[in-house]
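Working notes, structure below.
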Amino acid sequence: AKDAGRNAIQLFRTTMQQAASARLQLESELRLALQRNEFELYLQPQVDARSARVIGAEVLLRWHHPVDGVRSPAQFIDVLEESGLIVEVGNWVIREACRIAASLLVDGVVDSDSFSLCVNISPRQFRQSDFVERVLEALKAVSLPHAMIKLEITEGIVIQNLDDTIAKMRRLCRQGVSFAMDDFGTGYSSLTYLKRLPVDVLKIDQSFVRDALDDPNDAEIIRAIVAMARSLRLEVIAEGVEQQAQLELLQAQGCHLYQGYLFSRPIPPADFGELLKTHSLS
Ligand code: C2E
Ligand code: CA
Ligand code: CA
Ligand code: CA
């Protein structure tokens, strides 16, 4: 029995060491990926169900791995965040998103007053002391109308330092940049801070949408979020809409903006431009 215990501990150690070295390995691969420009951005359309118009898109990071092909951020975003690489990658994402928005504008497939690109911002990235300047520089570099960029933040950003968060958000808002609260309902959503934050949009987390048809509790949470958004005069977007029945449930609750495979998966910017051409924007 003593041996078995010792073996178990040994196995545990080995497993932990393997996990740690896999992580280090991934971190150095990510560093190389950054140098080699292997990151790409995909766009997922956001649609107004009433008019069937595309009102914007979420910008989603992809890693074009030389061997494994396209990798999704679920496989590496934590390592980017913990290693601090997210700061450099995130700043690149903002610059690249601005460049893509500017080229959609030049191509005439979007209007600057009725279309925005939503960019995910990580906690560590947001905490950079010059975060606000970075965003403004990226907009300026391509002369992009500021309203075309919306920053998606999470409750995790907010609770770390409420006063600093509000100060940075206000500075950007004064410059016309707007904010969406991502994954809403999964964190420490509190009406108190929601009222204090300059956000324009709540994004209903996809976990609620996924289960809403089967679980009355999830449907009820959606109803509550929509009611809260209405009373605070915020827009509300549902994520992860895959089925017509989910869309109908959302619409019945008063949520008309959505994003999900039902309309389109995230796609490369060139395909997105094509998609907009076939969906007349007039
Ligand atoms: P998120 O911000 O909640 O993004 C939505 C995720 O849901 C995306 O996964 C998107 O591809 C996926 N999705 C969209 N529609 C559907 C649907 O109908 N069904 C299902 N099952 N999934 C759907 P993705 O692209 O793998 O990104 C995962 C997460 O990685 C994002 O979650 C976000 O937290 C993070 N992320 C992505 N890009 C960036 C980035 O540029 N910067 C930062 N900091 N985080 C990013
Ligand atoms: Ca997001
Ligand atoms: Ca989300
Ligand atoms: Ca998420």
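For region 1-159, DSSP calls about 60 percent of its internal beta bridges antiparallel. Shown for the chain are the DSSP H helices of 27 Å or more along their axis, judged by Cα atoms, with a mean Kyte-Doolittle hydropathy of at least -0.5: 2-35, 85-106. Dipole size of the chain about its Cα centre, with +1 on Lys/Arg Cβ and -1 on Asp/Glu Cβ: approximately 640 debye, rounded to the nearest 20.
Cα centroid distance between region 202-238 and region 131-184, in Å? Computed from Cα coordinates, the inter-centre distance equals 23 Å. With coordinates expressed along the principal axes, the C-alpha atoms belonging to region 135-282 extend over 45, 42, 24 Å, beginning with the largest. For residue 140 and residue 277, a Förster radius of 41 Å and the Cβ-Cβ distance give a FRET efficiency of 0.90, rounded to the nearest 0.05. With protein chains left intact and a 1.4 Å probe, residues in the chain average 51 Å² of accessible area per residue.
Placing unit charges on the Cβ atoms of the charged side chains and taking the dipole of the chain about its Cα centre, the candidate lying farthest along the positive direction among 224, 178, 9 is 178.
Of all DSSP beta bridges confined to the chain, the antiparallel ones make up roughly 45%. What the Cβ-Cβ distance of residue 38 and residue 215 gives, at R0 = 51 Å and to the nearest 0.05, is a FRET efficiency of 0.80. Carbon-plus-sulfur accessible fraction, the chain (probe radius 1.4 Å, protein heavy atoms only): 50%.
Summed over qualifying helices (DSSP H, 4 residues or more, each -39500 (n - 2.57)) and divided by its residue number, the chain shows a 222 nm mean residue ellipticity of -16000 deg cm²/dmol. May I ask you to derive the FRET efficiency for residue 48 and residue 129 from their Cβ-Cβ distance with R0 = 35 Å, giving the value to the nearest 0.05? Result of the calculation: an efficiency of 0.40.
The eigenvalues of the Cα gyration tensor, multiplied by 5 and square-rooted, give the chain an equivalent ellipsoid with semi-axes of 32, 25, 21 Å from largest to smallest. The alpha carbon radius of gyration of region 1-133, expressed as a multiple of 2.2 N^0.38 Å, is 1.44.
The values are calculated or read from the model by the stated rules, or taken from the named source; none is laboratory data. Note that the structure is predicted; figures quoted are calculated from it, not measured. Using ideal geometry, Cβ is built from the backbone for each residue, glycine included, and neighbour counts are taken over all protein chains shown. These accessible areas exclude ligands, DNA and RNA; they are computed on the full protein's heavy atoms, side chains included. Shrake-Rupley method; radii C 1.70, N 1.55, O 1.52, S 1.80 Å.
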